[in-house]
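Take a look at the structure below.
The values are calculated or read from the model by the stated rules, or taken from the named source; none is laboratory data. Not measured: the values here are computed from a predicted model. All Cβ positions, glycine included, derive from the backbone under ideal geometry; neighbour counts span all protein chains shown. When the accessible area is computed, the model is the full protein with side chains, heavy atoms only, and any ligands, DNA or RNA have been set aside. Shrake-Rupley method; radii C 1.70, N 1.55, O 1.52, S 1.80 Å.
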Amino acid sequence: WNSDGQLNIWCSTQGAFNVRSAMADLLRHPVSKIKVTPMEIGGGFGGKLPAYLEPIAALLSKKTNSPVKLTMTRTEVFEGSGPAPGSWMKVKVGATREGKLTAVQATMAFEAGAYPGSPVMQGITCAFGCYDVPNGRLDGYDVVVNKPKTAAYRAPGSPQAAFAVESVMDELCEKLGIDPIEFRLLNAAKEGTRRIEGPVARKIGLVECLEAARNHDHYRASQGGSNRGRGVACGYWMNRGFQSSVTMTVNFDGTINLIMGSVDIGGTRASIAQQTAETLGIAYEDVKPTVVDTDSIGFTFVTGGSRTSFATGLAAIEAAADVKQQMIARAASIWDTSKDDVEYADGIIRHRSDPELRMTFKEVARQLPSTGGAITGRSNVDPIGEGNGYAVHLVDLEVDKETGKVEILRYTAVQDAGKAVHPSYVEGQMQGGAAQGIGWALNEEYFFNDRGQMMNSSFLDYRMPTSLDLPMIDTVIVEVANPGHPYGVRGVGEVPIVPPMAAIANALHRATGVRLHSLPMSPGKILEALWSGSGGKAGPG
């Protein structure tokens, strides 16, 4: 706390402005007197959206009149920061003998923890987002239970829904004797498809993803060996827009200072700089992106919902367009002509009728000191053109029927990125989401005793996949341009975690003949299902 009542907060967060608003409400302190500076440490995946330690640190700092630093132990993170919700789901699907869907129904109950607010709405919204079905009914229940408050975790609600729906779709394919991908192609959502809850799809790439998966070597290759199975599943996430703010300044050497409020937890600093460079027609290396505190930029919504490269990128494009117009005005001033006589293309400013009058971006920048000083472009956006995201995952696995251990042999993730601004970052998102989904499918879970205490709140007991548990995850980037963005960008961060659980469940069924109805599909559950012949109904849901 400063002597004038200014509160300065440094925290690892996905949304500095949201933390500032939360602190203002909790402390009954003016928003204008709170500054939050994000410290970019590791990934977020939704776990860094809420304010946890900030109120305590602020109160202790005010009481002691000195800076206070608080960190959470790993156990405190497990017990206090909120898991993804547990769920109970029932899905019913009807189709013709030819495989055409006629009606669907789903009832989903999600645990909210001690306070209301589970992502059940997202779950029922995403449940049949991959399908064009004429009739449907969806019921969702937000259930308060005596457990820790659940929190957002990468496409919250959609992975659970996909596990139920895609498992049932696989059962239907088996009953009808139809190839799983051909069935999905027959019923795939496409441009003009109206989802059950109402929205109509614009240009989307699910069909292209399914075709890419069908034509991939992975799908056509022999599985070989016994106790092996191949699974397929689709995934959907609606993506988001919301507010973003960007300012950029042209330096006299022709470089750009790019200022934004979106915290970088997945490569968005680079992708937004690339969109800036593309718009201005200059080198990517000449754009210097910086994430700043809440006093230095306009309101910017959280880094979440697969919105950042789309929305903050759009703000950067508009700010760059502002810079272009100002650069045209400066060139017109230098040439003593009208702005209407000057055009800007590919980083070159030229006179429309006099070919000798032309300057590069850097040449105009060098003359800024004598023509009015620095140029600053700015933009504040709240876009509504976010494009829906789709993915198709293929997995081959082998089951040891004596131990119940599952080995992932091969994995391929296919996803529509709209436009892969930074392809290696897109691949990283796809591979990371698949790795998390594999962990969720096979091992990860919270164990509670009869008094509600978590019994495995450390990485010694909470089993996450390591590099030894994973194969090389192959990626196929499909690019079906999003019409709501100048470069066709779609968010890519959340869709990759949606299909893995269902794909693995489907592969496990084809390898063993049993179908598990609860996660994780751990060795113990697999053995119980094999021994009992119960179809995988043993164990908690």
(message) Can you confirm whether ARG490 is in a loop (DSSP other than H, G, I, E, B) and open to solvent by less than 20 Å² (accessible area, probe 1.4 Å)?
(response) yes
(message) As an exercise: evaluate LEU186 against (1) in a strand (DSSP E or B); (2) open to solvent by 10 Å² or more (accessible area, probe 1.4 Å) and give the number of the one condition it does not meet.
(response) (1)
(request) Among the numbered conditions (1) more than 20 Å from the chain's Cα centre (by Cα); (2) within 20 Å of SER158 (Cβ to Cβ); (3) open to solvent by less than 10 Å² (accessible area, probe 1.4 Å), tell me where GLU445 comes up short. (result) (3)
(request) Looking only at segment 127-150, count how many residues are of a type outside the set (Lys, Arg) and open to solvent by 20 Å² or more (accessible area, probe 1.4 Å). (result) 14
(message) Of the residues GLU40, GLU54, only one is under 23 Å from GLY298 (Cα atoms), among the acidic types (Asp, Glu) and open to solvent by less than 50 Å² (accessible area, probe 1.4 Å); which?
(response) GLU54
(message) Given the criterion open to solvent by less than 30 Å² (accessible area, probe 1.4 Å), out of contact with any helix residue (DSSP H, G or I) (no Cβ under 7 Å at 6 or more places or on another chain) and either of a type in the set (A, V, I, L, M) or closer than 25 Å to SER518 by Cβ (or both), identify the matching residue among LEU176, LEU206.
(response) LEU206
(message) Condition check: open to solvent by 50 Å² or more (accessible area, probe 1.4 Å), in contact with a helix residue (DSSP H, G or I) (Cβ under 7 Å, 6 or more places away or on another chain) and of a type outside the set (D, E, K, R). Does LEU60 satisfy that?
(response) no
(request) Give the number of residues within segment 209-241 that are in a loop (DSSP other than H, G, I, E, B), under 30 Å from GLY484 (Cα atoms) and in contact with a helix residue (DSSP H, G or I) (Cβ under 6 Å, 6 or more places away or on another chain). (result) 1
(request) Quick one: in segment 421-438, of everything that is in contact with an Asp or Glu (Cβ under 9 Å, 6 or more places away or on another chain) and open to solvent by less than 10 Å² (accessible area, probe 1.4 Å), which residue is nearest to SER158 (Cα to Cα)? (result) GLY433
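Please work out which residue is most open to solvent (accessible area, probe 1.4 Å), limiting yourself to segment 461-484 and to residues that are touching an Asp or Glu at 6+ places or on another chain (Cβ under 8 Å) and more than 23 Å from LEU210 (Cα to Cα). So that I can check it myself, show each step before the final result.
Going through segment 461-484, the residues touching an Asp or Glu at 6+ places or on another chain (Cβ under 8 Å) turn out to be 462-464, 475, 477-480, 482, 484.
Filter once more, keeping what is more than 23 Å from LEU210 (Cα to Cα): 462-464.
Numbers: TYR462: 28, ARG463: 105, MET464: 81 Å².
Step by step, filter segment 461-484, then rank; the result is ARG463.
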(request) Considering (1) part of a loop (DSSP other than H, G, I, E, B); (2) charged (D, E, K, R); (3) touching a residue at least 24 places away in the same chain (Cβ under 8 Å), say which one LYS525 fails and leave the rest. (result) (1)
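Quick grid of which residues meet (1) under 27 Å from THR96 (Cβ atoms); (2) at pLDDT 95 or above; (3) open to solvent by 30 Å² or more (accessible area, probe 1.4 Å); (4) among the aromatic types (Phe, Trp, Tyr):
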| position | (1), (2), (3), (4) |
| --- | --- |
| PRO159 | no, yes, no, no |
| PRO180 | yes, yes, no, no |
| GLY192 | yes, yes, yes, no |
| ARG214 | yes, yes, yes, no |
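Rundown of residues vs (1) modelled with pLDDT of 95 or more; (2) of a type in the set (Lys, Arg); (3) not in a loop (DSSP other than H, G, I, E, B), yes/no style:
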{"site": "MET464", "(1), (2), (3)": "no, no, no"}
{"site": "ASP474", "(1), (2), (3)": "yes, no, yes"}
{"site": "VAL480", "(1), (2), (3)": "yes, no, no"}
{"site": "PRO496", "(1), (2), (3)": "yes, no, yes"}
{"site": "MET501", "(1), (2), (3)": "yes, no, yes"}
{"site": "ILE504", "(1), (2), (3)": "yes, no, yes"}
{"site": "ALA507", "(1), (2), (3)": "yes, no, yes"}
{"site": "ALA538", "(1), (2), (3)": "no, no, no"}
(message) Of everything in segment 261-278, what is touching a residue at least 60 places away in the same chain (Cβ under 8 Å), crowded, with 20+ Cβ neighbours inside 10 Å and either touching an Asp or Glu at 6+ places or on another chain (Cβ under 7 Å) or among the β-branched types (Val, Ile, Thr) (or both)? Give them in sequence order.
(response) VAL263, ILE265
(message) Among the listed residues GLU398, GLU402, identify the single one that is farther than 23 Å from TYR219 by Cβ, open to solvent by 30 Å² or more (accessible area, probe 1.4 Å) and either within 24 Å of the chain's Cα centre (by Cα) or not aliphatic (A, V, I, L, M) (or both).
(response) GLU402
